[in-house]
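What follows is a single structure, written as structure tokens, with notes after it.
Derivation of every value follows stated rules applied to the coordinates shown; laboratory data play no part. Remember, predicted model here, so these are calculated numbers, not experimental data. With ideal geometry, Cβ positions are generated from the backbone for all residues, glycine too; neighbour counts draw on all protein chains shown.
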Amino acid sequence: MNRMLIALPLAALLVACNSNAGKQGSAGQSAQVTGAGSTFVYPVLSAWAADYQKQGGALINYQSIGSGGGISQVKAGTVDFGATDQPLASDDLAKSNLAQFPVVIGGIVAVVNVPGLEAGKLKLTGPLLADIYAGKVKSWNDPVIAKLNPGVTLPGANVAVVHRSDGSGTTFNFTHYLAQVSPTWKSGPGEGKTVNWPTGVGGKGNEGVAAYVKQLPNALGYVEYAYVIQNKMTYAQLQNSAGTFVSPSADSFSAAAESADWKNAKDFNLVMTNAPGQNAYPITATTFILMPKQPKDKAKSDAAIAFFKNALEKGQDQAKKLDYVPLPAALVQQIESYISTNVK
Amino acid sequence: MNASLADTADLVPPMRKSGVGADRAFQWITAGAAWLVLLLLGGVAVAMAWGGRLAFQTFGWGFVTGKDWDVVAGKFGAFVPIYGTLVTSAIALIIAVPVSIGIALFLTDIAPRWSRGPIAIAIELLAAIPSIIYGMWGLFIFAPFMAAHVEPWLGNHLGNKMLIGPLFSGPPIGIGMLTAGIVLGIMVIPFIASVAREVFSAVPAPLKESAVALGSTRWEILSRVTLPYTRSAVIGAVFLGLGRALGETMAVTFVLGNAHDLSASLLMPSNSIAAAIANEFTEADTDLYRSSLIALGFLLFVVTFIVLTIAKLLLLRLNRQFGRTN
């Protein structure tokens, strides 16, 4: 018994040492690129990484620890690239000597659970969405909603508002949009990865919000486009800044990406919500990659750049399959010239 | 336990020189193990207080009493999560304690002998279910049931009563403090029930037999013999369960609603300390935000410590009142 008591912790220690040594050893190989950050981009990034490795490219090891973690790790130099859903401002980038560029676009969709209501039949405007999330418009048969939706029967029940409980880029883009279209939202809860929600319940992750919306009758929530497709949820049309009501779809997200003013955005510091195009969907989310301008390990940095070039040029199909929207060709060109001038 | 001690006593050979050394080494090892726990506990407390110092410096006592949790404005107050943690744990205990004692009593005194083993094992298996499973069950099955059947009834029958009315008013959405408390209650039942069963079966048979001989009913045996005899162990079990309820994270996150709103109604969503940390840590990207979350962890530590201290004091008082210690 005595011997066992001593032997067990010793064995555990040995195992721990070994695994540490293993990690250090493999990180030392120049072919492996490590990245960390946004959970939003994880599915497509890991699919790209698998494809890239099959083609004989470097091994990409991406940890989806959240945008905040990705930013701090790339600033600390512990990873070769970071990924964030909220772009950094140019002065912040300059201070940490980082380069920034977008890789993929997705949409954020208002989803509802009103008995008898079909997908795409409900029309909402940005200011109305802000008022519902602020708790000012409480009931589904509110005159403002009724005026937008003639011929749609809506219950007299209260809107069960659902938002994210965890900090997330999805929330950042959603609240950024609300703040743009509603002055009271801007001065009230404001924009951020977590805000002080005036009302509603919080679900953890997109899957949590999707589950709450499906569970609660008369619920309204916001989730990423992929969840709408995969769970066959009832989505609402949104009015864009050109006045058109648009359904969320790959086409309307692309329209937003094309109409956004990327040319004049220094370091691609642009949040694409409320894009001006005629058919542009108003709430889109973009994931940005952060890389050091003067990397410590040139070989790894080059491997990462080669990977992202490959993904931007050849990864469109994979992205579409996973319900993301690839970047427009003009933007990809702009990114490639940005990388070649900025990352040494 | 007693038997195994006696066995080892028989096995110990007459003292040899090397035996003395080994014995002393063993003593050191066990002492080290015990002190290590204290050291770790102290270390964790200090580390969390240090990590949360920015929040405590910035807000002072306002961090404990503040009701705002506004990340955008950088204002953090822990009152809502503390309140949510205490209320859900209290609901859990109100449900779990009577049920657990009932289970334990049934298994030791009332159940047919053949059924005791299977039921006891089933209860202990409940403790082995991972908390995330309770959370998913709570969200997908229990919350809709509460929303459709229990909460409308509560709202209609109790929502308009004096005093307790505000506790049961509000829309029946199925997600909130009451649902979280009930799920927590189910989660802590096995902890309390299995300890209570152990100690109930350790009550000497002659004591109970004498009570029966005096014409006691089953209730009288429980309240006058079994519970007083096992009081400290049962209270210990209750606080083991309470400790688990206070710190439970995943299951609560799923069904509590995670909203930093203060509401008297048990049907409304709230937040708990552990759930807030689990939800928000990944994207806490300012120093103050991160520090506030670590400070929340420290407060959970403090809350648990205070609750356990009160329990110990209560036990001491009870023992003095009844003039015995065990």
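Okay, here's what the table says:
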quantity	calculated
Space enclosed by the convex hull of the alpha-carbon atoms of the stretch A:257-302, per residue, Å³	91 Å³
Charge-dipole axis of the stretch A:239-344 as Lys and Arg at +1 and Asp and Glu at -1 on Cβ define it, positive-most pick from A:Ser254, A:Thr341, A:Pro282	A:Thr341
Mean separation of Cα contacts under 8 Å (6+ apart) over length of the stretch B:252-296, as relative contact order %	31 percent
Order of A:Lys263, A:Lys193 under a 10 Å beta carbon neighbour criterion, fewest first	A:Lys263, A:Lys193
Sequence of A:Lys320, A:Lys75, A:Lys266 once ranked by neighbouring C-beta atoms within 10 Å, starting from the fewest	A:Lys266, A:Lys320, A:Lys75
Estimated 222 nm signal from helices in chain A, with DSSP H stretches of n ≥ 4 weighted -39500 (n - 2.57), rounded to 500	-13500 deg cm²/dmol
Angstrom value of the Kirkwood radius, inverse mean 1/r, which spans all Cα pairs in chain A	21.5 Å
Per-selection metrics, the stretch B:58-117 (Cα): Rg and Dmax in Å	21.4, 63
The stretch A:41-153 - charge dipole about Cα centre, Lys and Arg +1 at Cβ, Asp and Glu -1, debye rounded to 20	300 debye
Axial C-alpha extent at least 18 Å, average Kyte-Doolittle at least -1.0 - helices from chain B (DSSP)	B:17-51, B:79-105, B:113-128, B:177-201, B:227-247, B:287-322
Estimated translational D of the stretch B:188-306 in µm²/s (Stokes, Kirkwood radius over Cα pairs; 10 °C; 1.306 mPa s)	90 µm²/s
Size of electric dipole in the stretch B:68-178: Cβ of Lys, Arg +1 and of Asp, Glu -1, about Cα centre, debye, nearest 20	220 debye
Fluctuation leader among A:Val162, A:Val144, A:Val223 - chain A, Gaussian network, Cα springs under 10 angstrom	A:Val144
From the C-alpha gyration tensor of the stretch B:94-212, square roots of 5λ in Å	35, 19, 11
Top of B:Ile235, B:Ile294, B:Ile221 by mean-square fluctuation, Gaussian network on chain B, Cα under 10 Å	B:Ile221
Chain B, helix-only ellipticity at 222 nm - DSSP H runs n ≥ 4, -39,500 (n - 2.57), divided by all residues, nearest 500	-22000 deg cm²/dmol
Relative contact order of chain B, pairs being alpha-carbon contacts under 8 Å that are 6 or more residues apart, as %	26 percent
Greater than 28 Å apart at Cα, pairs in A:Lys232/A:Lys320; A:Lys186/A:Lys293; A:Lys298/A:Lys321; A:Lys95/A:Lys298; A:Lys232/A:Lys263; A:Lys293/A:Lys321	A:Lys186/A:Lys293; A:Lys298/A:Lys321; A:Lys232/A:Lys263; A:Lys293/A:Lys321
Long-range tail of P(r) for chain B (Cα pairs > 25 Å, %)	63 percent
Shape parameters for the stretch A:110-240, alpha-carbon atoms, Rg then Dmax in Å	13.5, 38
Debye-sum result for the stretch B:249-325 in log10 I(q)/I(0), which assumes one identical scatterer on each alpha carbon, at q = 0.18, 0.21, 0.25, 0.28 Å⁻¹	-0.82, -0.96, -1.13, -1.21
Shape box of the stretch B:20-112 [Cα atoms, principal axes, largest first, Å]	60, 51, 19
Eligible lysines near A:Lys314 by straight Cα distance, threshold 16 Å, same-chain separation 8 or greater	A:Lys54
Cα convex hull volume per residue for the stretch B:161-226 (Å³)	128 Å³
Net charge dipole size for the protein assembly as shown [Lys, Arg +1 and Asp, Glu -1 on Cβ; Debye, nearest 20]	1400 debye
Semi-axis lengths, Å, the stretch A:226-304, gyration tensor of Cα atoms, sqrt of 5 times eigenvalues	32, 18, 8
Of A:Ala275, A:Ala319, A:Ala58, the one that fluctuates the most in a GNM where chain A has Cα springs shorter than 10 Å	A:Ala58
Sequence of B:His260, A:His176 once ranked by neighbouring C-beta atoms within 10 Å, starting from the fewest	A:His176, B:His260
Shape category assigned to the protein assembly as shown from the gyration tensor of Cα positions, a/c cut at 1.5	oblate
Hits among aspartates and glutamates - C-alpha to C-alpha of A:Lys300 under 17 Å, sequence gap 8 or more where chains match	A:Asp80
Positive-end extreme of charge dipole, the protein assembly as shown - chosen from A:Gly68, B:Ala90, B:Ile221 (charges on Cβ)	B:Ile221
Charge-dipole axis of chain B as Lys and Arg at +1 and Asp and Glu at -1 on Cβ define it, positive-most pick from B:Met48, B:Val195, B:Gly66	B:Val195
For the stretch A:205-337: relative contact order, % (alpha-carbon pairs under 8 angstrom, 6 or more apart)	21 percent
